[in-house]
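The values are calculated or read from the model by the stated rules, or taken from the named source; none is laboratory data. It should be emphasised that the depicted structure is a prediction, and the values quoted were computed from it without experimental measurement. All Cβ positions, even for glycine, are placed from backbone atoms using ideal geometry, and neighbour counts span all protein chains on display. Note: accessible area is taken over every heavy atom of the protein model, side chains too, but ligands, DNA and RNA are not part of it. Shrake-Rupley method; radii C 1.70, N 1.55, O 1.52, S 1.80 Å.
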Amino acid sequence: MNSVIYIRNASQVVTVAGASRAPKRGPKMEELQIIHHGGVVVQDDRILFVGSDQDAEEFVEDQFGHVKENIRLIDASGKIVTPGLIDPHTHVVFAGSREKELEMRLQGSTYIEILKQGGGILYTTTQTRAASEEQLLDESLKRLNRFLEYGVTTIEAKSGYGLTVEDELKQLRVARRLNETHPIDIVSTFMGAHAVPVEFKENPDDYVHIVIEEMIPQVAEEGLAQFCDVFCEEGVFTVEQSERILEAGKRFGLIPKIHADEIVQFGGAELAAKVGAISADHLLKASDEGIKRMAEAGVVAVLLPGTAFFLMEEPANARKIIEAGVPVALSTDRNPGSSPTESLPLIMNLACLTMKMTPAEVIAACTINAAHAIGRAGEIGSIEVGKKADLVIFDAPNYQYLQYNFGVNLVDSVVKNGNLVVERRK
Ligand code: NIG
Ligand code: FE
């Protein structure tokens, strides 16, 4: 018999069902389609059944009554089951760390000042260029293991610390190897336009030329990425350069994403709508007009309250963005400079406590809307029959409790692709 897991007696099964075609917006973000006192049955890597305790018992008896001893039973009494958490924005493949910059920022240096002095992204670029694929793999693996412990079962991962053709490809190849070997699924994004490397400080357009003419075609040829991202920001890449890069990506089948309006209001949200980006991320300083256009164009807003917290900035105006009808997702932005954490649950806490997102909106943002931000909502992001068996059991009596008992890892167990990959000792 194939492998079967039966999770029974959960106090809530938070399915987040019914939004696989289009992301949740506005008041719909509050509707989580909860089954009180329910169960989930998983066979191989798929969800086979989800329903009330009674219906689940009958289903299991009916389907597997004769081979009950082969079923892995998980008692979830007093606990909740949610879809596996999805992190749609990370820079997880890199070498080294930047704790020194925290001290510099505490003394008054800004993030962009540090970058302009050759620190920040450029410091990590030096470390990443010097690292072998094996070294990058080892460092990144530790981070992935931590993500899994926090209930994250799928992440997006960007390049952008290579900034040469070979080093960008190296980062993306490492992401591909991690995807093949680690339980977490990794969706890759090419982000050669993460910073202008020092060699091109005086002629950034020459670097843009390399991104467009050399990097994008090779990334596409090797099938190394699905998305193309740009750091569209004052002092980094202009709106015009960003548009050229994203349009070039589109010609090679790479779907646009944008780091938009993070530090100053710069027209990033407007550009996201114009190029038909799947998501625009950060948005701390997005204009009202930009937000309106994102809503019209159906661009997902990926908000990163951990980055705002760590950079000691006001977070994005989530309430305004949700009320404008833009679907919102959340992410760690895991990177060595502006958000060194793998704790998506902590980001959820920050979204609730610093951006006033409700506990229900936060769950929608880290499941189905995050799936939409990486084009995977047909496969993941909700507990529905036929979807991938990616599930988290939290040691919490209801979903609100996750935002209440903050800063604590409440993950009890994680099922990824139908395998029990995290099992907390009691
Ligand atoms: O999303 N803002 C640009 N990129 C990353 C930070 C990368 C870094 O500092 O290493 C971000 O915050
Ligand atoms: Fe980022």
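Per-residue packing, averaged as other Cβ atoms within 10 Å, sorts the ranges 55-61, 349-355, 194-200, 98-104 into the order 349-355, 194-200, 55-61, 98-104, beginning with the highest. Per atom type, the chain shows carbon and sulfur on 49% of its accessible surface, probed at 1.4 Å. Please give me the summed charge of the neighbours of I216: other residues whose Cβ is under 13 Å from its Cβ, Lys and Arg +1, Asp and Glu -1. Local net charge: -4.
When the dipole is taken about the Cα centre of region 213-252, and only Lys, Arg (+1) and Asp, Glu (-1) are charged at their Cβ, what size is it in debye, to the nearest 20?
Its charge dipole is roughly 160 debye.
Per q in 0.12, 0.20 Å⁻¹, report the Debye log10 I(q)/I(0) for region 18-135, using one uniform scatterer on each alpha carbon and no solvent. Here log10 of I(q) over I(0) equals -0.76, -1.13. Taken about its Cα centre, the chain carries a charge dipole of about 600 debye when Lys and Arg each add +1 at the Cβ and Asp and Glu each add -1 at the Cβ.
About its Cα centre, what dipole magnitude does region 144-239 give when the only charges are +1 on Lys and Arg Cβ and -1 on Asp and Glu Cβ, stated in debye to the nearest 20? Present the calculation step by step, with values, prior to reporting the outcome.
On the way: 7 positive and 18 negative charges, 103 e Å.
My answer is approximately 500 debye.
I'd like to check one number: the per residue accessible area of region 295-344, probe 1.4 Å, reported in Å² as a whole number.
Details: 1460 Å² over 50 residues.
Ligands and nucleic acids excluded, the figure is 29 Å² per residue.
Here the sum of -39500 (n - 2.57) over DSSP H runs of 4 or more residues, divided by the residues of the chain, equals -10500 deg cm²/dmol at 222 nm, to the nearest 500.
Sort 205-214, 79-88 for me by packing, meaning the mean count of neighbouring Cβ atoms within 10 Å per residue, highest on top. Write down the numbers at each step before the final one.
Values: 205-214: 16.9, 79-88: 27.6.
The packing order, highest mean first, is 79-88, 205-214.
Altogether, the Stokes-Einstein calculation at 37 °C and 0.692 mPa s, with the Kirkwood radius of region 336-426 over Cα pairs as Rh, returns a diffusion coefficient of 230 µm²/s.
Once you keep just the Cα pairs under 8 angstrom separated by 6 or more residues, what percentage relative contact order results for the chain? Walk me through the numbers on the way to the answer.
Working: 1022 pairs, mean separation 91.2, N = 426.
Here the relative contact order equals 21 percent.
May I ask which residue of G290, A131, I80 lies farthest towards the positive end of the charge dipole of the chain, with charges of +1 (Lys, Arg) and -1 (Asp, Glu) on Cβ and the Cα centre as origin? The listed residue farthest towards the positive side: I80.
Take region 126-213 with all the other protein chains still there, run a 1.4 Å probe, and you get 38 Å² of accessible area per residue.
Cα-Cα over 27 Å: which of K201/K320; K24/K142; K356/K387; K158/K388; K250/K292; K257/K388? Going by Cα-Cα distance, K201/K320; K24/K142; K356/K387 fall outside the 27 Å limit.
Judged by the mean number of other Cβ atoms found within 10 Å, the most tightly packed of the peptides 319-328, 272-281 leads the ranking 272-281, 319-328.
If you keep only loop residues by DSSP, which trypsin sites (Lys or Arg not before Pro) in region 1-56 have at most 11 other Cβ atoms within 10 Å of their Cβ? Working shown, then result.
Numbers: sites: R8, R21, K24, R25, K28, R46; in loops: R21, K24, R25.
Answer in residue order: R21.
Take every pair of alpha-carbon atoms less than 8 Å apart whose residues are at least six positions apart; their mean separation over the length of region 52-210 yields a relative contact order of 24 percent.
I'd like the Kirkwood hydrodynamic radius of the chain, using the inverse of the mean 1/r over distinct C-alpha pairs, in Å.
On the way: mean 1/r = 0.0462 Å⁻¹.
In the chain this quantity evaluates to 21.6 Å.
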